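Report on one structure; see the data block that follows.
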Amino acid sequence: MGSSRFPSSSSPSSSKSSASTASTSSNGNYSTLRKAIDDEKSRSRGSSLSKMKQEKHQKEHHERKGKKCHENCCEKCGYPCKTEKKDDKKGGSKCKSLAEIDRYEYRVKTEFEISGVGSIPVLKGDPKWLAEKVQCFIAEKARLMTPAAIYICNGSIFEADELLGVLKKQGVVETLTAYRNVHLVRTDPEDMARVEKATYITHNSIEAIVSGGESSKSQLVNYMHPTTLETELDVRFQECMRGRVMYVIPFSMGPVSGENSMNAVQLTDSPYVVINMRMMTRVSSSVWDSIGDSGSFARLIHSIGVPRPSFRVLKQNWLCAVEKMLIAHRLEENEVWSFGSGYGGNSLLGKKALSLRLASWKGRKEGWLAEHAAVLSITDPSGRESFITVHAPSGGGKTAFAFSEPTIPGWKIKILGDDIAWIRQEKDGRLYAMAPENGMFGIAPGLDPKKHPAAMKMLEQDALLVNTASTSTGKMFWRNGMELSEKETVRDWQGLEWTSAVTQSPAHPNARFTVFMEKYPNVHPLWDSPKGVPLTAMIFCSRRDDAYPLCVETDDWDEGVTMAAAIRAVASAGSGRKDSPASSLHNDPMGMRPFLAYNFAHYLKHWIDVGRSATKPPKIFHVNWFRKSSDGKALWPGYGENIRVIEWILKRCAAQNGQPGQATALSGSDITAATAIAPAATDSAPAPVMKEYLDVTIPTENPSCPPTAATKSAQIKTKPCASGNALKVPGGYIPKMINAQGLDAAQIQQVLSYDRQFWKDEVAYMRKFFANEMGLETPKEILAVVENLEKQLA
Ligand code: OXD
Ligand code: MN
């Protein structure tokens, strides 16, 4: 409570009551309170001056502003020392954007009165109810960005309706009349993805952010020096909200006041962002209570960067200033500045900026992980439920898998979160994953009505779409199994007429939907749990079309982490990497490349430590749903068929937890035989090594896997339920066979095959990548894994 100005407000609720007293200025309580505040300040500075003397002294103090003040002046008069400290700081920096505001430079009535700016009306909400830290934040940034008005959001449905009205007036939104409360927004074609190139991390120490510091060759994190940032902020943010409304969004990631949740306040001049944030995060006035007078919150400042008057030629009426785009993270200050884009992860700052970048920095200090992963529940036909995380690069299929209907009868997938997992150890020694988001922002064209019927149904009510196409009958459209009637015409994502004769998709490949978690029929009841769920397995997805196997179970935690750190993927639409051809592979450690916020070596060491501290860590698996044959044919059907791999994974976990069906590691000679005859990456011939496992009939005596009509007509006879069904290879185990009933035998042979030469090359690449990225800082545990793999493959 050190800095509190409300003497008796030690709890959120009492802070509220103090503030409410403050609002009743007409009966004099406000001035009583101010006096109490000032008295408290005087007392704490040991001043014995009378109030009048003190005011006189303060006046003189003001007059001397700019000159060096008497050293003891503040001690004597009680004038806030902070001012002197700030001026000292200003001696080194003239940054207007980062200049702090002093309590005497603004007044909160029903509007904000700010020295040098004047009065800014508050259109909605009562600013007097806010904790002083929040008032200060608003006043400070209002002084910088000079909005015409301030609007304090409460997350209500009325608010969403009102702002939708604003967007309609601006001509930004199209209501899709075939559904209930579903709206489509088309953006400026230049503002349709997260932009990694414009995303920066700033910190006083470059070594904390980039391993190797100044001399680093690292490609992973974009570092910006704090002084450079100051200049960059000032050229963008001064008066950037002129003529616009500044919305103040209080929100929580995780349930409000949850034990592991994070509070934040985002300022934005985009009503679209407010509506979207209301779905993706918990926007609520109760966050003010949770912040209280002493609580902390992340400060998120966002502007589309188009002050009025603007002579910009707008496309789709979408406001943005992409040429000046910047998304900067001040880690130590728990602060994000985003400018120029109104799109997705660039502007919904609760998502990637807060819940991954700032959170992973916080997590490192506190011993937990913030990761780019879906949190899923999988129930097998016997009713046994397991929780897993699925970590993947953007566009790597997390959401599409999470929404898919398993093709094997009796299996069920439920979602707790589709994009972000906060993972921490609980008292039972297990790692728990909690999904902090309130909604999903998924890739719309990834959905197929036949493969994702429940998800498609969900989009028919209370959904917000961006950059899909629309039909003349008021429906959303992106092809991918969607049908058009004869009479229906289509407008594509740029608002142009589209016919099926056009080969290009009518939707942008990164078109998105936003929905509330709770609207999805297969949402897990614990999705809103403050603690999360205990993990059985962590699954890391590569996205590559070469010989990276369909599935590998790693030997142990360190090996799983090392392989995750070496994940590579083809660029996807979500990454906004226009410069890299879709076919080229880039490193995407843990699927976190765009979200890594600090020194990669420290990040990996932290991963190792988290696993070591857990007495029962989950098992780590690696998958690749995108393997292709040498003639370019996709070898794995993906979506709901992925459950076949998940079945193998969960059986392996169960076996190692002492449940029936122990794994059988093959002997050394088996390894050599198996891997030596596997085809080379470029060889399209099926792997002969698998042959012996294909002709095994399904054991009818296996009680957990009775034969069905489907299994009898299976093209491949296999042992779908045998959990000892694994082959030891360097780097772990691969399935000898999975439940492949109904799939193409030759393809399954290929997709399961293990290519020794491929792995040799992969490990050589891994070593080079780690050396480039981390050099001597590479954690010894990671180096040990690489050396061990090299030995096994020699
Ligand atoms: C996302 C992404 O928006 O990863 O989730 O790009
Ligand atoms: Mn994502």
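Among the residues of segment 163-191, those that are outside any strand (DSSP E or B), out of contact with any helix residue (DSSP H, G or I) (no Cβ under 6 Å at 6 or more places or on another chain) and of a type outside the set (S, T, Y) comprise L164, G165, K168, K169, Q170, G171, V172, L176, A178, R186, D188, P189.
Among R299, R194, which is more than 16 Å from ligand 2 (Cβ to nearest atom) and either part of a helix (DSSP H, G or I) or in contact (Cβ under 8 Å) with a residue 40 or more places away in the chain (or both)? Of R299, R194, the one residue that is more than 16 Å from ligand 2 (Cβ to nearest atom) and either part of a helix (DSSP H, G or I) or in contact (Cβ under 8 Å) with a residue 40 or more places away in the chain (or both) is R299.
For segment 302-354, what are the residues that are in a helix (DSSP H, G or I) and within 16 Å of ligand 2 (Cβ to nearest atom)?
Initially, segment 302-354 is screened for residues in a helix (DSSP H, G or I), giving 322-324, 344-347, 350-354.
Those that are in a helix (DSSP H, G or I) and within 16 Å of ligand 2 (Cβ to nearest atom): G344, G345, N346, S347, G350, K351, K352, A353, L354.
Scanning segment 453-477 for residues that are closer than 27 Å to H524 by Cα, of a type outside the set (V, I, T) and in contact (Cβ under 8 Å) with a residue 60 or more places away in the chain gives A454, A455, K457, M458, L459, E460, Q461, D462, A463, L464, L465, M476. Annotation: of all residues in segment 209-221 being in contact (Cβ under 8 Å) with a residue 24 or more places away in the chain and open to solvent by less than 20 Å² (accessible area, probe 1.4 Å), the one that is nearest to P589 (Cα to Cα) is L220. Of all residues assigned to segment 395-415, none qualifies as being within 26 Å of P589 (Cβ to Cβ), within 13 Å of ligand 1 (Cβ to nearest atom), at pLDDT 95 or above and open to solvent by 10 Å² or more (accessible area, probe 1.4 Å). Restricting segment 382-402 to residues that are more than 23 Å from E196 (Cβ to Cβ) and touching a helix residue (DSSP H, G or I) at 6+ places or on another chain (Cβ under 7 Å), the residue that is nearest to ligand 2 (Cβ to nearest atom) is F401. Tell me, please, whether a residue that is within 16 Å of ligand 2 (Cβ to nearest atom), modelled with pLDDT of 95 or more and more than 15 Å from H391 (Cβ to Cβ) can be found in segment 595-610. Yes; the residues of segment 595-610 include at least one that is within 16 Å of ligand 2 (Cβ to nearest atom), modelled with pLDDT of 95 or more and more than 15 Å from H391 (Cβ to Cβ).
May I ask you to list the residues in segment 537-554 that are surrounded by fewer than 22 Cβ atoms within 10 Å (Cβ to Cβ) and either modelled with pLDDT of 95 or more or within 16 Å of ligand 1 (Cβ to nearest atom) (or both)? Once the filter is applied, which keeps residues that are surrounded by fewer than 22 Cβ atoms within 10 Å (Cβ to Cβ) and either modelled with pLDDT of 95 or more or within 16 Å of ligand 1 (Cβ to nearest atom) (or both), segment 537-554 yields only A537.
Annotation: of all residues in segment 343-366 being within 13 Å of ligand 1 (Cβ to nearest atom) and aliphatic (A, V, I, L, M), the one that is surrounded by the fewest Cβ atoms within 10 Å (Cβ to Cβ) is L356. So is N154 at positive phi and more than 16 Å from ligand 2 (Cβ to nearest atom) or not? So N154 does not fit the description; no.
For segment 612-626, name all the residues that are in contact (Cβ under 8 Å) with a residue 60 or more places away in the chain and either crowded, with 24+ Cβ neighbours inside 10 Å or part of a helix (DSSP H, G or I) (or both). The answer is S613, P618, I620, F621, H622, V623, N624, W625.
For segment 189-200, the count of residues that are open to solvent by 40 Å² or more (accessible area, probe 1.4 Å) and either over 21 Å from the mean Cα position of the chain (by Cα) or of a type in the set (A, V, I, L, M, F, W, C) (or both) is at least one. Report yes if S294 is part of a loop (DSSP other than H, G, I, E, B), farther than 30 Å from V210 by Cβ, free of Cβ contacts under 8 Å to residues at least 12 places away in the same chain and not β-branched (V, I, T), otherwise no. Here the answer is no, as S294 does not meet what is asked. Annotation note: Cβ proximity below 7 Å between a residue of segment 411-430 that is more than 22 Å from M253 (Cα to Cα) and a residue that is within 16 Å of ligand 1 (Cβ to nearest atom) (sequence gap 6+ or interchain) occurs for I413/L376; I413/A402. Quick one: would you say T379 is open to solvent by 20 Å² or more (accessible area, probe 1.4 Å) and within 16 Å of ligand 2 (Cβ to nearest atom)? Spelling it out, it is not the case that T379 is open to solvent by 20 Å² or more (accessible area, probe 1.4 Å) and within 16 Å of ligand 2 (Cβ to nearest atom).
One residue stands out among those in segment 414-470 that are more than 16 Å from ligand 2 (Cβ to nearest atom) and of a type in the set (D, E): the one that is nearest to T514 (Cα to Cα), which is D462. Taking first residues from segment 334-363 that are on the phi > 0 side of the Ramachandran plot and partners that are in a strand (DSSP E or B) and within 12 Å of ligand 1 (Cβ to nearest atom), the Cβ contacts under 7 Å between residues at least 6 apart in sequence or on separate chains come to G344/F441; G344/R512. For segment 419-453, the tally of residues that are open to solvent by less than 20 Å² (accessible area, probe 1.4 Å) and more than 15 Å from ligand 1 (Cβ to nearest atom) stands at 8.
The values are calculated or read from the model by the stated rules, or taken from the named source; none is laboratory data. These numbers come from a predicted model, not from an experiment. So basically every Cβ, Gly included, is an ideal-geometry build from the backbone, and we count neighbours across all protein chains shown. Each accessible area value is taken on the protein alone, full model and side chains, heavy atoms only, with ligands, DNA and RNA left out. Shrake-Rupley method; radii C 1.70, N 1.55, O 1.52, S 1.80 Å.
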